[in-house]
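Notes follow the structure.
The values are calculated or read from the model by the stated rules, or taken from the named source; none is laboratory data. Quick caveat, the model's predicted, so the values are computed rather than measured. Cβ placement follows ideal geometry from the backbone for every residue including glycine, while neighbour counts extend to all protein chains displayed.
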Amino acid sequence: MEEKYEDFVGIYDESVPLELCDEFVKNYEEAKKNSTILDLTKINATQIQDQQTPIVKRDEVAVVTPLTSTIYPRPPVNAYFELLQKCFMRYVERYSITFSGLIYNDIFKIHKVRKSEGFHAWHYERASGEVLDRMLAYMTYLEVPKRGGETEFLHQSLRVDPVVGRTLIWPAGFTHMHRGNPPLDGEKMYITGWFTVGKLPMNEEGSK
């Protein structure tokens, strides 16, 4: 695995084998065929609803919880999480990050983006009170277009080209506003999710 860092954006090439990426793509298409992908435009069994307007965001999204997913078998999901963990450990080592609480990573999303689609609005991953527990964001490209589809970071003046097997990790805060540029020739599929932190209850002495 090759790694480089640009303004707190970790870029990890060959972090996920091509065969595993292909397996995720194949399983997604099979799940879509079998109608086991949830409709996120309305409340569903996951209690997750994507309320973004089509002008701001347009793509297909599947939420994956490793232990209960009907879309992906556990072996490829577990294999992916193990590989992602290696990227995470290199990131925290690079920036000497320490955290005394628990860090969770128990859910991710698959995005299928066709020509001209994508999340075009500048945004960051802690933009509402419901998601303040997000510490770091990540994504891995599973399928990439021939042209376009870059991940662009506003304040860093950085565009990252989509490459199959490439993983990105970056801070979830406002310093890393970003957007997905539309594919111009072909389609893009990627995994994205968050490393989240759990709040610890204050003891009586600490609450005084």
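When segment 86-102 is filtered for residues that are without any contact (Cβ under 8 Å) to a residue 12 or more places away in the chain, of a type outside the set (D, E, K, R) and either part of a helix (DSSP H, G or I) or surrounded by 15 or more Cβ atoms within 10 Å (Cβ to Cβ) (or both), the ones remaining, listed by number, are Met89, Val92. Scanning segment 1-19 for residues that are surrounded by fewer than 19 Cβ atoms within 10 Å (Cβ to Cβ) and either part of a strand (DSSP E or B) or in contact with a helix residue (DSSP H, G or I) (Cβ under 6 Å, 6 or more places away or on another chain) (or both) returns Glu2, Glu3, Lys4, Tyr5, Glu6, Asp13.
Please verify whether segment 65-82 includes one or more residues that are hydrophobic (A, V, I, L, M, F, W, C), at pLDDT 80 or above and within 19 Å of Thr196 (Cβ to Cβ). Checked segment 65-82: at least one residue is hydrophobic (A, V, I, L, M, F, W, C), at pLDDT 80 or above and within 19 Å of Thr196 (Cβ to Cβ). Looking across segment 150-165, just one residue is closer than 28 Å to Glu82 by Cα, part of a loop (DSSP other than H, G, I, E, B) and over 15 Å from the mean Cα position of the chain (by Cα), and that is Asp161.
On the given criteria, is Pro54 modelled with pLDDT under 90 and more than 16 Å from the chain's Cα centre (by Cα)? Considered against the rule, which asks whether it is modelled with pLDDT under 90 and more than 16 Å from the chain's Cα centre (by Cα), Pro54 comes out as yes.
Within segment 121-135, no residue that is closer than 19 Å to Phe153 by Cα and touching a residue at least 60 places away in the same chain (Cβ under 8 Å) sits with its Cβ atom under 9 Å from a residue that is of a type in the set (Phe, Trp, Tyr) and in a helix (DSSP H, G or I) at 6+ positions apart or across chains. Of the set (1) among the polar types (S, T, N, Q); (2) on the phi < 0 side of the Ramachandran plot; (3) in contact (Cβ under 8 Å) with a residue 12 or more places away in the chain, all apply to Ser116 but (2).
Exactly one residue among Thr167, Thr196 is at pLDDT 95 or above and either buried (at least 18 other Cβ atoms within 10 Å of the Cβ) or farther than 24 Å from Tyr104 by Cα (or both), and that residue is Thr167. Across segment 108-136, the number of residues qualifying as under 15 Å from His176 (Cβ atoms) and in contact with a Ser or Thr (Cβ under 7 Å, 6 or more places away or on another chain) comes to 2. Among the residues making up segment 104-132, those that are buried (at least 16 other Cβ atoms within 10 Å of the Cβ) and either modelled with pLDDT of 95 or more or touching a helix residue (DSSP H, G or I) at 6+ places or on another chain (Cβ under 9 Å) (or both) are Asn105, Phe108, Ile110, Lys112, Tyr124, Glu125, Arg126.
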